[in-house]
Amino acid sequence: MSEMSGRVGIHLNRFPLPSETFVIEQARLLSRFEPVFLARRMVSTAPPQFECVSISPSFCNWRRYAFPLAPDHKVWPDLNLCLMHAHFGP
């Protein structure tokens, strides 16, 4: 079984929040994936070591990309993500 690697999207409603430092720590500790934060609302400046994409709160097609039917499909093709992690199930 081959090890996965690539870019992982980390989806949050609001980012970054002082009460959720564990989210940044999880991203910082990734060894085989490059994290990309996808936030519905930016509440302050993102940490400089991470890419952060602001997505519209009305963005409703994310399920089309988050649940691909084939393993070779990319999640959010325009960002070249191979995996999506959704904190708190937004």
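Odds and ends about this structure:
- Looking only at residues of segment 73-83 that are open to solvent by less than 40 Å² (accessible area, probe 1.4 Å) and part of a strand (DSSP E or B), we find that the one that is modelled with the lowest pLDDT is 75.
- Scanning segment 32-50 for residues that are under 17 Å from residue 79 (Cβ atoms) and open to solvent by less than 60 Å² (accessible area, probe 1.4 Å) gives 33, 35, 36, 37, 38, 39, 40, 46, 50.
- A residue that is hydrophobic (A, V, I, L, M, F, W, C), modelled with pLDDT of 80 or more, open to solvent by 30 Å² or more (accessible area, probe 1.4 Å) and within 14 Å of the chain's Cα centre (by Cα) occurs somewhere in segment 17-24.
- If you go through segment 1-16 and keep only what is buried (at least 17 other Cβ atoms within 10 Å of the Cβ), among the charged types (D, E, K, R) and assigned to a loop (DSSP other than H, G, I, E, B), you end up with nothing.
- Considered as a group, the residues in segment 25-70 that are in contact with a helix residue (DSSP H, G or I) (Cβ under 7 Å, 6 or more places away or on another chain) and assigned to a loop (DSSP other than H, G, I, E, B) include one that is modelled with the highest pLDDT, and that residue is 50.
The values are calculated or read from the model by the stated rules, or taken from the named source; none is laboratory data. It should be emphasised that the depicted structure is a prediction, and the values quoted were computed from it without experimental measurement. Reconstructed Cβ throughout: ideal geometry from the backbone, glycine too, with neighbour counts over all protein chains shown. Quick note on the areas: whole protein, heavy atoms, side chains included, nothing else; ligands and nucleic acids left out. Shrake-Rupley method; radii C 1.70, N 1.55, O 1.52, S 1.80 Å.
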